Amino acid sequence: MGIISGLPIEKIPIYLEKVPGGAIMMTGVNSILNEAKASSLWYMLFGLACCAIEMMATGASRYDFDRLGMIFRATPRQTDLMIVAGTLTLKMAPRVKLLYDQMPEPKYVIAMGGCTVYGGPFYHDSYSVLKGVDKIIPVDIHVAGCPPRPESLMNGCIQLQNLIRTERLGHDRDRPGLRHITPRQVPGMPPLNGGLIRPDQIPILR
Amino acid sequence: MKVAELGEKLRQHFPEVAFHEDLENPQALIVPESDYRQVAERLRRDPELDFDYLEFQTCCDHPPNRLDFLAYFYSYQYRHRLALKVVLERGLPSLPSLADLWANADWNEREVFDLFGVVFHGHPDLRRIMMPEDWEGYPLRKDYLHPNVVKRPD
């Protein structure tokens with residue numbers, strides 16, 4: 001094993017030994033865990049603007065996210081990946097942060113389209129758009145485009161899978177500058193913790 | 001009915017109200033602020049006018065001191081349309097609410113309040129509708145400024 005530990009993680013081979021009645025597989029624990037994580041990225045069914053249309057097209061049969069093992073889930077509790085697809089307004093920002101906080105670890109974020117990367121067409125002369133979702137949640141992959149074509153988005157997902165394959169058990173949160181960000185409060189944005197809808201305070205829902 | 005006929009009818013009902021033609025908008029009648037509510041009530045309740053649909057309400061900002069409020073009404077029965085225009089002061093503009101006459105005036109007026117800062121008296125629930133509730137200022141005013149705004153380079 002001394003030889004293997006010097007290899008890059010993604011290069012650790014998988015040994016398969018056939019025995020009567022089945023097979024024995026031997027590999028590093030990182031390889032098998034990463035492979036499992038990378039090939040079943042369930043993403044949150046969640047769209048904010050026109051990028052969401054492109055995301056739906058990618059999920060539908062012509063481009064087909066299922067080929068990457070990606071299935072949409074309608075709840076953050078069952079998802080591994082959040083594709084922030086569309087313009088994120090200041091009013092929506094705390095809600096997105098709340099959804100992100102509800103996702104179980106390990107969790108990943110793809111910022112899809114110019115708006116989520118840096119504000120996009122709303123960078124100039126806009127008072128209500130958050131200029132980059134990486135101000136409030138850590139982003140793993142930025143996909144450029146306005147909106148990105150399905151090929152771009154799929155490429156982003158494949159890049160994310162490659163990123164996941166380099167993770168090491170117990171160290172997968174230490175990519176510098178990626179995992180630990182301090183959410184920034186932007187002028188005019190509602191408080192990130194609180195200021196959300198309280199159903200018990202809305203007369204019609206009470 | 002044409003706008004001119006509708007205007008004539010309203011002038012008969014309200015001889016004391018000073019209606020003006022709007023040169024910028026052939027569908028609109030300019031109404032004084034104090035008579036907006038009673039004219040709107042007439043539009044709603046008079047069976048010969050029967051404006052059963054409030055299309056939308058909005059504002060147009062003309063700094064330094066004019067703020068034009070507009071409300072479009074439509075009658076599905078007679079298929080005629082009329083707009084009422086009220087010229088407001090830009091400082092602290094206020095109008096009576098129409099939320100008890102047309103249900104959709106509720107949200108329309110919240111939007112006008114949110115983005116232009118017109119206060120509607122008698123509104124059942126006058127809160128901001130688009131911007132966060134603690135937002136300061138009225139974004140669709142021409143002189144609105146916000147720290148988030150990065151000016152587009154010329």
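The values are calculated or read from the model by the stated rules, or taken from the named source; none is laboratory data. The shown structure was predicted, so the numbers you read here are calculated from the model rather than taken from an experiment. For neighbour counting, all protein chains shown are included, and Cβ atoms are generated from backbone atoms with ideal geometry for every residue, glycine included.
Search region B:99-111 for residues that are touching a residue at least 60 places away in the same chain (Cβ under 8 Å) and pair each with any residue that is crowded, with 20+ Cβ neighbours inside 10 Å and outside any loop (DSSP other than H, G, I, E, B) when their beta-carbon atoms are under 8 Å apart and the residues are at least 6 apart or on different chains.
Every condition considered, the pairs that remain are B:L101/B:A40; B:L101/B:L54.
Go through region A:104-128 and give me each residue that's within 11 Å of chain B (Cβ to nearest Cβ) and either assigned to a loop (DSSP other than H, G, I, E, B) or under 15 Å from B:P147 (Cβ atoms) (or both).
A:G119, A:Y123, A:H124, A:D125, A:S126, A:Y127, A:S128
Can you spot a residue in region A:68-77 that is touching a Ser or Thr at 6+ places or on another chain (Cβ under 8 Å), within 13 Å of another protein chain (Cβ to nearest Cβ) and touching a residue at least 60 places away in the same chain (Cβ under 8 Å)?
No, there is no match, as no residue in region A:68-77 is touching a Ser or Thr at 6+ places or on another chain (Cβ under 8 Å), within 13 Å of another protein chain (Cβ to nearest Cβ) and touching a residue at least 60 places away in the same chain (Cβ under 8 Å).
Residues of region A:1-48 being in a loop (DSSP other than H, G, I, E, B) and modelled with pLDDT of 75 or more, which ones?
Result: A:P20, A:G21, A:T27, A:G28, A:S39, A:S40, A:L41, A:W42, A:L45, A:F46, A:L48.
Being aliphatic (A, V, I, L, M) and modelled with pLDDT of 90 or more is true for just one of B:L23, B:L54. Which residue is that?
Being aliphatic (A, V, I, L, M) and modelled with pLDDT of 90 or more holds for just one of B:L23, B:L54, which is B:L54.
Could you say whether any residue in region B:115-130 is within 14 Å of chain A (Cβ to nearest Cβ), β-branched (V, I, T) and within 23 Å of A:V129 (Cα to Cα)? It would help to see each step written out before you state the result.
Narrowing region B:115-130 to residues within 14 Å of chain A (Cβ to nearest Cβ): B:115, B:124-125, B:127-130.
Still in the running and β-branched (V, I, T): B:129.
Still in the running and within 23 Å of A:V129 (Cα to Cα): B:129.
Yes.
Could you list, in sequence order, the residues of region B:54-91 that are surrounded by fewer than 16 Cβ atoms within 10 Å (Cβ to Cβ), free of Cβ contacts under 8 Å to residues at least 60 places away in the same chain, in a loop (DSSP other than H, G, I, E, B) and not small (G, A, S)?
Within region B:54-91, B:P64, B:N65, B:Y76, B:Q77, B:R79 meet the criteria.
Could you check region A:132-156 and list, in sequence order, the residues that are free of Cβ contacts under 8 Å to residues at least 40 places away in the same chain and within 16 Å of A:G188 (Cα to Cα)?
Matches in region A:132-156: A:G132 only.
Out of region B:131-146, which residues are under 20 Å from B:L95 (Cα atoms) and free of Cβ contacts under 8 Å to residues at least 24 places away in the same chain?
Once the filter is applied, which keeps residues that are under 20 Å from B:L95 (Cα atoms) and free of Cβ contacts under 8 Å to residues at least 24 places away in the same chain, region B:131-146 yields only B:G137.
Restricting the search to region B:135-154, which residues are within 8 Å of chain A (Cβ to nearest Cβ) and touching a Lys or Arg at 6+ places or on another chain (Cβ under 9 Å)?
B:W135, B:N148, B:V150
Could we say that B:R37 is under 23 Å from B:A103 (Cβ atoms), assigned to a helix (DSSP H, G or I) and modelled with pLDDT of 85 or more here?
Answer is yes for this residue.
Got a number for residues in region B:1-20 being modelled with pLDDT under 85, in a helix (DSSP H, G or I) and surrounded by fewer than 12 Cβ atoms within 10 Å (Cβ to Cβ)?
1
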